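Undergrad: The structure that follows is given in the form of structure tokens.
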Amino acid sequence: MEDNKKVLKGFIGGVITATLVISIVLFINKYTSGEIDTASIFDNTKTQTTSSGVSSKAVEAKVSIIKQIIDKYYLEDADEDKLVEGMYKGLVDGLEDPYSVYYTEDEFKSLMESTNGVYCGIGVTVSEDANTGIITMVKPFENSPGLEAGILPGDILYKV
């Protein structure tokens, strides 16, 4: 009975080992046949780092490998400009800072157009006291009708 268990364990172990070896061979064959050099994925990024961080050679090598994979396996034509802009966005996004953003030229122009509006009114920043509801002048803008009328910080608006 114990001999049967040993044989069964050995058989199962052999099947698992053979499956693992075949999978590794197929993986290596799939990704090393053709133009992609998978050995450089691991070698370049580890050996080309410096004490101050990743070197430009390591970055170039990794980008080159990713580009080769895209060229070989991506079904449609990739827009080179969009890929480059995506890298720039990713670099700034890596800061994980919600106030740091990379804009393309078109995005920046659109942002400037949306923030450069025409403001109407008397040209005064106001604040309302939450308890009393009193509206107080905080600051009149330069060259505004409010400043020309003599509105000063701290003035209270009681009637319109």
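Undergrad: Between VAL124 and residues 5 or more places away or on another chain, which pairs have amide H atoms under 5 Å apart, with H built 1.01 Å from N, and which residues are they?
TA: PHE141
Undergrad: Still on this structure: Taking the Cβ-Cβ separation of PHE108 and VAL138 as r and a Förster radius of 35 Å, what is the calculated FRET efficiency to the nearest 0.05?
TA: 0.70
Undergrad: Using the Karplus equation 6.51 cos²θ - 1.76 cosθ + 1.60 (θ = phi - 60°), what ³J(HN,Hα) coupling, rounded to whole Hz, does each residue of the stretch 81-96 give in order, writing x for Gly and Pro?
TA: Taking θ as phi minus 60°, the curve returns 4, 5, 4, 5, 4, x, 5, 4, 4, x, 4, 6, 5, x, 5, 6 Hz for the stretch 81-96.
Undergrad: In the stretch 79-120, if the dipole is taken from +1 on Lys/Arg beta carbons and -1 on Asp/Glu beta carbons about the Cα centre, which of VAL92, SER110, CYS120 is farthest to the positive end?
TA: Of the listed residues, the answer is CYS120.
Undergrad: Classify the stretch 79-120 as rounded, prolate or oblate from the Cα gyration tensor: take a ≥ b ≥ c as the square roots of its eigenvalues, call it rounded if a/c is under 1.5, otherwise prolate when a/b beats b/c and oblate if not.
TA: Oblate is the answer for the stretch 79-120, as a/c is 1.5 or above yet b/c matches or exceeds a/b.
Undergrad: Going highest first, how would you order 83-90, 153-160 by mean Cβ packing within 10 Å? Don't jump to the answer; show the numbers that get you there.
TA: Details: 83-90: 13.1, 153-160: 9.5.
My ranking of the peptides, most packed first, is 83-90, 153-160.
Undergrad: Measure off, as a whole percent, the carbon and sulfur share of the 1.4 Å-probe accessible area of the stretch 79-120, all protein chains present.
TA: That fraction is 56 percent.
Undergrad: I'd like the Karplus ³J(HN,Hα) series for the stretch 151-157: coefficients 6.51, -1.76, 1.60, θ = phi - 60°, whole numbers in Hz, and an x wherever there's a Gly or Pro.
TA: 5, 10, x, x, 4, 10, 8
Undergrad: Still on this structure: Ranked highest first by the average count of other Cβ atoms within 10 Å around their residues, in what order do 125-138, 56-69 fall?
TA: Ranking the peptides 125-138, 56-69 by packing returns 56-69, 125-138.
Undergrad: Which value, in debye to the nearest 20, gives the size of the charge dipole of the stretch 79-120 about its Cα centre, when Lys and Arg are +1 and Asp and Glu are -1 at the Cβ? List each step's numbers first, then the result.
TA: Numbers: 3 positive and 11 negative charges, 40 e Å.
Computed charge dipole of the stretch 79-120: roughly 200 debye.
Undergrad: Which FRET efficiency, nearest 0.05, do VAL84 and ASN116 yield, Cβ-Cβ r, R0 35 Å?
TA: Given R0 = 35 Å and the Cβ-Cβ separation, E is 0.80.
The values are calculated or read from the model by the stated rules, or taken from the named source; none is laboratory data. Being a predicted model, the structure only gives us computed values, none of them experimental. Methodologically, a virtual Cβ is constructed for each residue, glycine included, from the backbone with ideal geometry; neighbour enumeration extends over all protein chains shown. SASA here: full protein model, heavy atoms, side chains in, ligands and nucleic acids out. Shrake-Rupley method; radii C 1.70, N 1.55, O 1.52, S 1.80 Å.
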